[in-house]
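The values are calculated or read from the model by the stated rules, or taken from the named source; none is laboratory data. It should be emphasised that the depicted structure is a prediction, and the values quoted were computed from it without experimental measurement. Here the Cβ positions follow ideal geometry from the backbone for every residue, glycine too, while neighbour counts run over all protein chains shown. With ligands, DNA and RNA removed, areas are computed over all heavy atoms of the protein, side chains included. Shrake-Rupley method; radii C 1.70, N 1.55, O 1.52, S 1.80 Å.
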Amino acid sequence: MEFTFKRKHNESYMVAELVQDYDSYETRMIRENTINGILDINKMSLNGVTQYNYNISRKINLEDYMSSIDIDIEVMQKIILGMQLCLDEIARFLIDERHICIDKDTVFIEKTGDNIRINLCYYPMDNGSVQEQFRSLMEYFLTVVPASDRTLTQLVYQAYDKCLKNDYTLNEILELFQSIEVEKPDIYVEPVSLDDEEDDSYEERVLERSSDICTEDYLANYYEDDRKLSFMDHILSMTKRFGKNKKEENRKYELESEDFYVDPSFELDEKTVLLTDAKPTGKLIFDGRGGEDDFIINKEIFRIGSGQNNDMILHSNTVSNSHAKIVKENGHYYLMDLNSLNGTTVNGEALCYKQRYKLKPMDKIAFATERYIFM
């Protein structure tokens, strides 16, 4: 099967075409009911071709989700549990499980706070049993789990061994992952004492550590000072004095250093290159009025968004958590939107989900309201 993608305003769709029109009990049941766990479908027929438009707005497929996070046992638990809940709901409406497409490209994730919601794709063809499809999905998981996490790697291999049996159930796989208790990090807060003696000893310790920026004479003057400045005020004052002294030393060094000049008679006899024909250097130059930074694309997969796990973190509330990514292949850079809410545009043209755009120097990119120039 082949899927294409399109975007209309802030709505995003995955599109599948079928030569035959399937108006069965299942399609009527999905159309007339809200079934949790199945992507919303808008069916259209034209000239003997039936088009299924799946609403995937504010969702990303499993492959993009796994590449945008740090994979751990808790993530795997949530994914498998979410899929089990979806399949239970689908069975409640008597929909054939072989008409559910379970693949890294057709399982969609929707983030809800710290949790995720799984959405599966109804496709009225024989896609194979759940066991067959999930076995292929486990093969994909084997390629993406971090080798540094030995416990998770062992669990995935054990799960795959179970999937090699024809009579296994998804619930057995879930129980295997839930057998490992996820440890939550303890949050330690250092107690603060209001005892005067504690405070005095703390002042003495800090003053001892500050011996490199103050002298005994200065400390003596501090205790005899009639202005009675607070302890922190004097620490700040000493820090400023130290910074001033360092600045004067640096200035003295600059004056004593030898100046370097470029010989104007030395010229490189090279052809001037048009910017649009130049080889890209992999830089994103901020072109807005806010306080965003410039970025160098220093990874094969460079993630962009407002979330803290991105390589390029943007601070506007119009930017999605996982907004876009740039993939470097054979010296070229390809931009892809990750089904963001407000979209990604290049030279004013909006990118559809999964569309790969080959970047050229001087391309103008907008991640929602944040504008950049690619160099």
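Data table
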read-out	value
Set LYS8/LYS111; LYS8/LYS325; LYS111/LYS162; LYS299/LYS358; LYS328/LYS360 screened for pairs whose C-alpha atoms are more than 19 Å apart	LYS8/LYS111; LYS8/LYS325; LYS111/LYS162
Local electrostatic count at SER316 - Lys and Arg +1, Asp and Glu -1, tallied over other residues with Cβ under 14 Å	-2
With every protein chain in place, the stretch 76-150: carbon and sulfur % of accessible area (1.4 Å)	47 percent
Per residue solvent-accessible surface (Å²) - the stretch 1-150, probe of 1.4 Å	50 Å²
Quarter of the Cα convex hull surface for the stretch 89-181, i.e. its orientation-mean projected area (nm²)	7.1 nm²
Amide H partners (placed H, <5 Å) of ILE297, local residues excluded	LYS283, LEU284
Share of carbon and sulfur in the accessible heavy-atom surface of the stretch 302-350 [1.4 Å probe, %]	43 percent
Phi-based couplings in Hz for the stretch 58-69 (Karplus 6.51, -1.76, 1.60; Gly and Pro marked x)	6, 10, 10, 6, 4, 4, 5, 5, 5, 7, 9, 10
Mean-position separation - Cα centroids, the stretch 1-73 and the stretch 279-294, in angstrom	35 Å
Accessible-area composition of the stretch 1-72, carbon plus sulfur, in percent [1.4 Å probe]	45 percent
